[in-house]
Amino acid sequence: MRFLVPLAAFLGLAVVLMLGLQRDPRALPSALIDRPLPVIDGPLLQDPGRRFDGAQLRGQVWLLNVWASWCGPCQEELPALNVLAARDRVPLYGLNYKDQRAPALALLARFGNPYLHSAVDADGRIGMDLGVQGVPETFVIDAAGRVRYRHLGPVNNEVWESKLMPVVKALR
Amino acid sequence: MTARRFVVIAWALLLARAAVAAPDLEAREARLAAQLRCVVCQNQTVAESNAPLAADMRRVIRTQLQEGRTDREVIDFFEQRYGAFVHYTPPFQATTWLLWIGPFAIAAIGLAVLLAVLRRRMAQHAHAPLTEAQRERARRLLDEESNP
């Protein structure tokens, strides 16, 4: 009996700490959730004479995927994005983050371009406004132009079905 | 001649001012960078980290200070983008109060338990009468002490 109380306290603490170990410290909630998407003022990757215009996208739910040609996981997710965005008819736009034009275009030529447009963020300033920690990241934007969800890391079938699409469907 | 001298003096003054102002800005930049967390390598400050994002953040701090923003405004800029987590010392709020108070609360509970146990033990001993053998031993020890 004398040792039961400390033992129970120890076991309780051990369980709490074990649960803590299961959590991903990188999975931070975005500070932008439910706030308006910052202005994305960058030239279009495929058409540098024109600039990205987020205001035009009001009225629809869309995805913003932050990517770069130097980022391995971004290459991995391109095939999935190509298939899934077309299948579920979700407007998908890209933000080409701290990249160079030639390798970015080469990557899209090789794996296919899932984006309706990609805005160029050469110095990472737009990425900082979005609170980007590391590419790839995917944001769900609602019809009023607010950020509703952010996914850190590459998108695959499972992420698309279990995380992104439920948010998109609820907002539609 | 006087006009030229005036220009030279004005230049010297301007240079001197810039030289004084720059280290001041640098010190503020360093201080702010040490207060902000690098969100990529989470246990490092922006000042310590070699991550590209930390370098970008240092550059933004510098630009904003040069534009005349206050320290508070610079911190707020990053907090709006990365959340309260960007403070290397977390602010006291609904999600962090346990973190701040927890260790002191646990120490206080431990101290209270210790005091209660000690008090109970002392109370027990105060009322326990000595056996005859213990009394004899105590007497001998006291005698030894008074007659060395």
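Just so you know, all these numbers are worked out from the coordinates, no wet-lab data involved. As the structure is a computational prediction, the values presented were derived from the model and not from experiment. Methodologically, a virtual Cβ is constructed for each residue, glycine included, from the backbone with ideal geometry; neighbour enumeration extends over all protein chains shown.
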Qualifying positions in the stretch A:137-164 - closer than 17 Å to A:ARG26 by Cα and within 14 Å of another protein chain (Cβ to nearest Cβ): A:GLU137, A:PHE139, A:ARG150, A:LEU152, A:GLY153
Scan of the stretch A:114-162 for residues that are within 23 Å of A:PRO79 (Cα to Cα), among the charged types (D, E, K, R) and surrounded by fewer than 15 Cβ atoms within 10 Å (Cβ to Cβ), ordered by number: A:GLU158, A:GLU161
Search result, residues across the stretch B:43-77 that are among the polar types (S, T, N, Q), free of Cβ contacts under 8 Å to residues at least 40 places away in the same chain and within 19 Å of A:GLY134 (Cα to Cα): B:ASN43, B:GLN44, B:SER49, B:ASN50
Helices (runs of 4 or more DSSP H) wholly inside the stretch A:99-172 that include at least 1 residues being out of contact with any strand residue (DSSP E or B) (no Cβ under 9 Å at 6 or more places or on another chain), in contact (Cβ under 8 Å) with a residue 60 or more places away in the chain and at positive phi: none
All positions within the stretch A:48-68 that are free of Cβ contacts under 8 Å to residues at least 24 places away in the same chain and not basic (Lys, Arg): A:GLY49, A:ASP53, A:GLN56
Residue selected from the stretch A:68-98 under the condition part of a loop (DSSP other than H, G, I, E, B) and more than 16 Å from the chain's Cα centre (by Cα), by the criterion surrounded by the fewest Cβ atoms within 10 Å (Cβ to Cβ): A:ARG89
